[in-house]
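Have a look at the structure below, then the notes.
The values are calculated or read from the model by the stated rules, or taken from the named source; none is laboratory data. The model shown is predicted, which means the values in this text are computed figures rather than measured ones. Ideal geometry is used to build each Cβ from the backbone, glycine not excepted, and the neighbour counts take in all protein chains shown. SASA here: full protein model, heavy atoms, side chains in, ligands and nucleic acids out. Shrake-Rupley method; radii C 1.70, N 1.55, O 1.52, S 1.80 Å.
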Amino acid sequence: MKKVKSFTSQLVSFSKSIYGNNFIPLHRPVFEGNEKNYLIDCIDSNFVSSVGKKVTEFELKIAEFTDSKYAIATVNGTAALHAAIQLAGVKRGDEVLTQAVTFIATCNALSYSGAEPIFIDVDEDTMGMSPNSLKIFLESNAKIVNGETINKKTGKRIAACVPMHTFGIPCRIKDIQSVCDEWNLSLIEDCAESLGSYVNKIHTGKFGETAILSFNGNKLITTGGGGMIITDDENLAIHAKHMTTTSKVPHPFEFVHDEVGYNYRMPNLNAALGCAQMERLEEFLIIKTNVAEQWNDFLSNSDVKFIKPLDGDTANNWLNTIMLDSKPERDYFLEHTNKSGVMTRPIWTLMSKLEMFKHCQNDGLKNSVKLEERIVNIPSSVPDGALSKIKN
Ligand SMILES: *Cc1c(COP(=O)(O)O)cnc(C)c1O
């Protein structure tokens with residue numbers, strides 16, 4: 001305990017050397033570009049809702065940045081996930097493989113489609129789904145019948161796999177992709193936290209049939225609330241746009257809808273914010289790399305592990321992450337940093353422990369349990385004034 005006490009007070013001082021002496025949030029949004037101008041343009045044009053130029057412009061910017069052929073904007077990341085799961089043909093009563101180490105949105109979206117999660121363990125180094133655990137689970141629990149993957153225990157169809165790139169650290173997505181190919185599973189990447197994260201120079205989200213992004217207020221860039229589906233598949237893209245705009249059949253005046261659709265389209269006002277944020281994204285990423293390097297230097301003088309991407313991969317450094325030695329040390333650290341005005345946060349309670357999901361199948365979750373007790377996020381915002389400095 002003595003070690004964690006001195007580490008905690010050193011980390012508080014170091015946080016203040018990066019961010020100053022006021023309360024330090026974990027991650028704050030930065031609006032120092034064209035946000036206000038574009039919002040005013042929207043209001044002046046009367047196009048504030050889901051028809052408008054900014055939505056298309058924001059979609060094109062995201063498609064270009066992620067090197068995706070198509071991008072479809074939605075009201076939030078959860079809606080994007082729900083739509084992506086529907087697009088994958090997941091049906092009521094199906095099962096979907098995912099990780100217990102994730103934000104609740106991943107599992108909520110599965111539930112909206114009437115599917116149940118199966119929780120696969122994560123790798124300790126990436127905090128994302130372990131391809132090895134995925135393979136072992138499928139080999140011992142599943143069989144392929146008429147091209148469909150069936151869970152031998154429940155008799156249900158396993159329809160898809162939804163891994164997540166935790167805090168912007170890419171998981172071993174290529175290996176996950178190979179396992180999914182072998183087992184005929186649709187792969188949907190939850191990239192809500194990984195805009196600007198790359199696997200060998202390829203943007204995360206390019207490995208699944210579809211992937212989703214989130215632009216909630218605490219994410220790397222924000223539209224207030226917002227999300228995006230990205231894909232290279234033209235048919236999925238057309239269907240995604242159709243489904244998220246109430247499935248209305250195009251017609252000059254008739255209202256005909258050809259399937260149950262959703263009002264999930266992002267409003268122009270939110271997209272206006274997104275367009276302005278995209279103009280600063282490269283700078284945010286450079287500044288956040290610099291902050292992560294400072295944390296890395298500080299932490300290399302301690303016994304505490306700083307979580308870094310695998311060799312060859314690039315993280316967006318959305319939330320900097322450390323691993324403490326034990327739960328009591330973690331609890332001491334959380335209590336004292338937050339009391340000192342330095343916001344820190346534990347990783348999520350495992351999905352497999354929550355009331356709604358605790359009956360769901362899992363593979364033992366050895367690493368997930370270890371991470372849940374030890375992982376903490378430390379301040380990660382773009383520091384005040386950093387954007388104007390980088391310009392000069
Ligand atoms: C933020 C987030 C989402 C989507 O959240 P919204 O708030 O609905 O935009 C989904 N999955 C993960 C892992 C997230 O962190």
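Structure notes:
- Solvent-accessible area of the chain (1.4 angstrom probe, protein heavy atoms only): carbon and sulfur portion equals 51 percent.
- Projecting the alpha carbon convex hull of the range 86-195 along each direction and taking the average yields 6.3 nm².
- Averaging 1/r over each pair of different alpha-carbon atoms in the range 244-294 and inverting the result gives 14.3 Å, the Kirkwood hydrodynamic radius.
- Gaussian network model of the chain, Cα within-10 Å springs - most flexible of CYS191, CYS275, CYS42: CYS42
- Most positive-pole-ward Cα, GLY224, GLN294, ALA160, against dipole of the chain from beta carbon charges: GLN294
- Gaussian network model of the chain, Cα within-10 Å springs - most flexible of ALA192, ALA115, ALA100: ALA115
- Over the range 213-274 - Rg/Rh using Cα atoms and the Kirkwood inverse-distance radius: 1.05
- Percent of Cα pairs exceeding the 11 Å cut-off, where the set is the range 85-126: 64
- Build a GNM of the chain with springs between Cα atoms under 10 Å apart, and of ARG280, ARG92, ARG265 the one that fluctuates most is ARG92.
- Take the chain with all the other protein chains still there, run a 1.4 Å probe, and you get 43 Å² of accessible area per residue.
- Over the range 1-141: Rg over Rh, Cα atoms, Kirkwood Rh: 1.09
- Estimated 222 nm signal from helices in the chain, with DSSP H stretches of n ≥ 4 weighted -39500 (n - 2.57), rounded to 500: -12500 deg cm²/dmol
- Approximating the spin labels as points 7 Å out from Cα along Cα→Cβ, the VAL48-to-LYS143 distance works out to 6.0 nm.
- Computed on protein heavy atoms with a 1.4 Å probe, the accessible areas place ASP190, ASP363 in the order ASP363, ASP190, largest first.
- Exceedance of the 32 Å cut-off in Cα-Cα distance is limited, within the set LYS152/LYS305; LYS288/LYS358; LYS206/LYS370; LYS3/LYS389, to LYS152/LYS305; LYS288/LYS358; LYS3/LYS389.
- Electrostatic dipole magnitude of the range 1-144 [Cβ: Lys, Arg +1; Asp, Glu -1; Cα centre; debye, to 20]: 480
- Each residue of the range 372-389 was assigned a 3J(HN,Hα) from its phi angle through the Karplus expression (A = 6.51, B = -1.76, C = 1.60, θ = phi - 60°), giving 4, 7, 10, 7, 9, 9, 10, x, 9, 5, 5, x, 3, x, 5, 5, 6, 5 Hz with x at Gly and Pro.
- Only Cα pairs under 8 Å and 6+ residues apart enter the sum, and on that basis the relative contact order of the chain stands at 25 percent.
- Stokes-Einstein diffusion coefficient of the range 249-344, Kirkwood radius over Cα pairs, 37 °C, 0.692 mPa s, in µm²/s: 181
- Distance from the range 285-340 to the range 117-134 (C-alpha centre basis), Å: 21
- Panel note: the C-alpha atoms of the range 113-177, placed on their principal axes, show extents of 36, 26, 18 Å (largest first).
- One equal scatterer on each Cα of the range 60-108, no solvent, Debye formula: the resulting log10 I(q)/I(0) at q = 0.13, 0.15, 0.21, 0.26 Å⁻¹ is -0.40, -0.53, -0.90, -1.07.
- The Rg/Rh ratio of the chain, with Rg taken over Cα atoms and Rh as the Kirkwood radius over Cα pairs, comes to 0.98.
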